[in-house]
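Heads up: the structure comes next, in structure tokens.
The values are calculated or read from the model by the stated rules, or taken from the named source; none is laboratory data. As the structure is a prediction and not an experimental result, all values here were calculated from the model. Cβ placement follows ideal geometry from the backbone for every residue including glycine, while neighbour counts extend to all protein chains displayed.
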Amino acid sequence: MSVTIRNACEKINMEQLIHKNVALASLCSYGTGGSADYLAIPTNLKELQASLSWAHTRQLPITILGRGTNVLIADAGIEGLVVLTTRLDAHHARGCIFCAEGGLSLDTAINIAIEHSLSGLEPLGGLPGTVAGAVFGNAGANGRYIGDLIEWVEYIDAEGNLQRHHTVDGGFAYKHSPFSGTDAVIYEVAFRLIPNKDSSKARLIKEKSRTERLEKGQFDLPSAGCVFKNPKDISAGNLIEKAGLKGMSHNGAAISENHANFIVNSSRRATSQDIFELTTAVQKEIQEKFGITLEREITLLGRWNNSSKLLH
């Protein structure tokens, strides 16, 4: 496979594929953050492999970015190569197996599965982000976790080889997948779904989940969804609300009045550093009042200073 990747680089115009000094704020849901040293937007597997090989050859760090809905990008930008996956959005269905490339919007994937008379993903309706992002963090909603529906995942490993992970091998847990904390790049996901000819009912379930999120105002202002993971048997949002922190703000970043586990860019002028400092203040308050350490669910990307990394 590595030979194939090298050959791919020779056949692909890398000057057209790799862009230099690209602003990233418009590519993330917070609308904050600096620039990528280099950015690639592959449209197929060969371009993805070539991009990764290009960075490895130059010993550059690689950051994978989907729809930017669960990340906080440093104001100083991201070192090395950022690979934007949103154009990796092909999909197909055969029987009860629905396959989607990792860059496909999860909400779109749910709609397409329903069109193929396949059900199971509907409770996740309205979750932002890509298929790969949802799988990477084992996204869940309404008692359903995406890892429960996966048959296999195809990914590119650190050596550039295309591998397949079957869910029977395990590795999925709360906010965790076999790919968490690894250099694996998720390329395609195969879901085993349930045949269902009543597409109208399936669409109603999906839209109900999506509408509930919209009615709660969770996406009225720029945010990255839930900022903190739930401690065992406790809701992080409830802890923050009990601490009286709803509405707490810092330089335009604020704890949402609609959902205490959301931090929003209420002024649309807050920086990533402002948002980060507010998350740190929340952690401190919860630790002091309840003796509980909240762990961030959002991922810090880019050039954060040492103190920021220590608090991640």
| Pairs under 8 Å by beta carbon, first residue over 14 Å from K175 (Cα atoms) in the range 223-237, partner hydroxyl-bearing (S, T, Y), six or more apart or different chains? | S223/S29; S223/Y30; S223/S256; A224/S29; A224/Y30; A224/T69
| Matching entry among E101, E115, E122 (being among the charged types (D, E, K, R), in the same structural domain as H165 (by TED's automatic domain parsing), touching a residue at least 12 places away in the same chain (Cβ under 8 Å) and surrounded by fewer than 17 Cβ atoms within 10 Å (Cβ to Cβ)) | E115
| query | Mind checking which residues of the range 153-187 are touching a residue at least 60 places away in the same chain (Cβ under 8 Å) and either assigned to a loop (DSSP other than H, G, I, E, B) or closer than 27 Å to E295 by Cα (or both)? | reply | E159, G160, N161, K175, D183, V185, I186
| request: Report the residue count in the range 128-147 for those that are in a loop (DSSP other than H, G, I, E, B), within 17 Å of E297 (Cα to Cα) and in contact (Cβ under 8 Å) with a residue 60 or more places away in the chain. | output: 3
| task | Might you let me know whether the range 302-312 holds any residue that is of a type in the set (A, V, I, L, M), surrounded by 14 or more Cβ atoms within 10 Å (Cβ to Cβ) and either assigned to a loop (DSSP other than H, G, I, E, B) or at pLDDT below 95 (or both)? | result | yes
| Tally, over the range 264-273, of residues that are without any contact (Cβ under 8 Å) to a residue 60 or more places away in the chain and either closer than 18 Å to K242 by Cβ or out of contact with any Leu (no Cβ under 8 Å at 6 or more places or on another chain) (or both) | 2
| field | Residue check for E151: in the same structural domain as E188 (by TED's automatic domain parsing), among the acidic types (D, E) and surrounded by fewer than 18 Cβ atoms within 10 Å (Cβ to Cβ) | value | yes
| task | Go through the range 41-73 and give me each residue that's more than 29 Å from F276 (Cβ to Cβ) and not charged (D, E, K, R). | result | P42, T43, N44, L45, L48, Q49, A50, S53, W54, H56, T57
| task | Among the residues of the range 221-278, write down those that are within 18 Å of the chain's Cα centre (by Cα) and in a strand (DSSP E or B). | result | S223, A224, G225, C226, F228, F262, I263, V264
| Which one of these does A190 not meet: (1) touching a residue at least 24 places away in the same chain (Cβ under 8 Å); (2) part of a helix (DSSP H, G or I); (3) aliphatic (A, V, I, L, M)? | (2)
| request: Could you identify the single residue in Y187, Y174 that is modelled with pLDDT under 90, surrounded by 12 or more Cβ atoms within 10 Å (Cβ to Cβ) and under 20 Å from G147 (Cα atoms)? | output: Y174
